[in-house]
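The values are calculated or read from the model by the stated rules, or taken from the named source; none is laboratory data. Since the structure is predicted, the reported quantities are computational estimates derived from the model, not experimental observations. Cβ atoms come from the backbone with ideal geometry, glycine included; neighbour counts cover every protein chain shown. Side chains are part of the model used for accessible areas, which takes the heavy atoms of the whole protein and leaves out ligands, DNA and RNA. Shrake-Rupley method; radii C 1.70, N 1.55, O 1.52, S 1.80 Å.
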Amino acid sequence: MNIAANIDEAFKEAAEDGVIGHALFADAPRSVSFNKLRKRLLRQVRQAFDDFDMLKGQKRWLIGVSGGKDSYGLLALLLDLQWRGLLPVELIACNLDQGQPNFPKHILPDYLTEIGVKHRIEYRDTYSIVKEKVAEGATYCSLCSRLRRGNLYRIAREEGCDALVLGHHREDILETFFMNFFHGGRLASMPAKLLNDEGNLMVLRPLAYCAEDDMAKFAAAMQFPIIPCDLCGSQDGLQRNAMKDMLADIERRMPGRKDTMLRALAHVNPSHLLDPKLFDFSKLMVAGPSPASV
């Protein structure tokens with residue numbers, strides 16, 4: 001059975017039983033448009049599972065939940081698939097409280113407890129480190145992200161998890177590619193599946209095929225208790241914002257280009273690039289004249 005049929009069958013069985021899924025969907029819209037959105041996102045997550053073999057040997061995942069629309073959406077979609085018997089993995093939600101001023105500490109633990117999700121809330125004052133190390137007026141994102149990621153790796157190992165699962169979507173991947181392209185002088189992006197340097201933990205991004213607009217619509221419909229980022233998100237002029245604006249303008253003028261760009265990242269021809277470490281150009285030789293031409 002293909003992925004689309006698999007999802008459709010799961011929805012059909014649930015409807016016949018008079019239920020709509022995991023408890024967090026109890027107040028979700030019953031509209032046709034929302035069901036189409038939900039199915040589309042579930043199919044895209046399942047496609048990422050299959051394309052990148054994300055479920056191989058996996059038993060326990062740590063889900064990074066920041067309080068933003070994407071991580072809430074990731075958790076909801078994974079719980080939905082788990083409830084439907086399509087994700088045989090134990091899930092643990094984790095929020096890293098980084099010590100930002102006025103961070104509403106109660107929102108995530110209250111929400112996760114209410115929907116019955118096993119979770120861990122970890123406090124680490126990385127905010128003070130970022131403020132100390134980053135010059136006034138410079139952007140915090142890079143250092144903040146590295147500190148957060150290091151702590152999440154540690155927590156995942158402490159919880160006996162096989163993977164750290166993050167809510168990066170299609171636009172995150174494209175923006176990262178163009179940031180590296182324009183500012184880093186290299187062709188690289190966020191991989192959907194990555195083995196950490198120690199070789200003992202996978203990093204997975206099941207939303208790799210999901211559009212940010214879809215995630216925003218999903219979050220609004222589900223009425224997640226969103227927590228804004230007052231440390232990084234409040235800064236103007238970030239390189240990522242410039243990439244986001246550029247991609248939005250391209251999509252506006254040429255609809256469908258984002259999906260085309262994403263497909264391009266999955267269809268690489270090393271011999272048509274300029275990296276001799278990736279392709280051995282020294283082995284290219286012109287064949288001698290054929291006997292008939294002599």
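Within the range 156-170, identify whether any single residue is in contact with a Leu (Cβ under 7 Å, 6 or more places away or on another chain), open to solvent by 20 Å² or more (accessible area, probe 1.4 Å) and free of Cβ contacts under 8 Å to residues at least 60 places away in the same chain, and answer yes or no.
Among the residues of the range 156-170, at least one is in contact with a Leu (Cβ under 7 Å, 6 or more places away or on another chain), open to solvent by 20 Å² or more (accessible area, probe 1.4 Å) and free of Cβ contacts under 8 Å to residues at least 60 places away in the same chain, which makes the answer yes.
Please go through the range 178-202 and pick out each residue that is of a type outside the set (Gly, Ala, Ser), open to solvent by less than 40 Å² (accessible area, probe 1.4 Å) and free of Cβ contacts under 8 Å to residues at least 40 places away in the same chain.
Selection gives 180, 190.
Scan the range 70-98 for residues that are assigned to a loop (DSSP other than H, G, I, E, B), open to solvent by less than 20 Å² (accessible area, probe 1.4 Å) and not hydrophobic (A, V, I, L, M, F, W, C) and report the count.
Going through the range 70-98 one residue at a time, the tally reaches 1.
Somewhere in the range 46-63, is a residue surrounded by 19 or more Cβ atoms within 10 Å (Cβ to Cβ) and at pLDDT below 95?
Taking every residue of the range 46-63 in turn, at least one turns out to be surrounded by 19 or more Cβ atoms within 10 Å (Cβ to Cβ) and at pLDDT below 95.
Pairs under 7 Å by beta carbon, first residue closer than 30 Å to residue 47 by Cα in the range 262-291, partner open to solvent by 80 Å² or more (accessible area, probe 1.4 Å), six or more apart or different chains?
270/278
Where residues in the range 203-227 are charged (D, E, K, R) and touching a residue at least 40 places away in the same chain (Cβ under 8 Å), which of them is most open to solvent (accessible area, probe 1.4 Å)?
217
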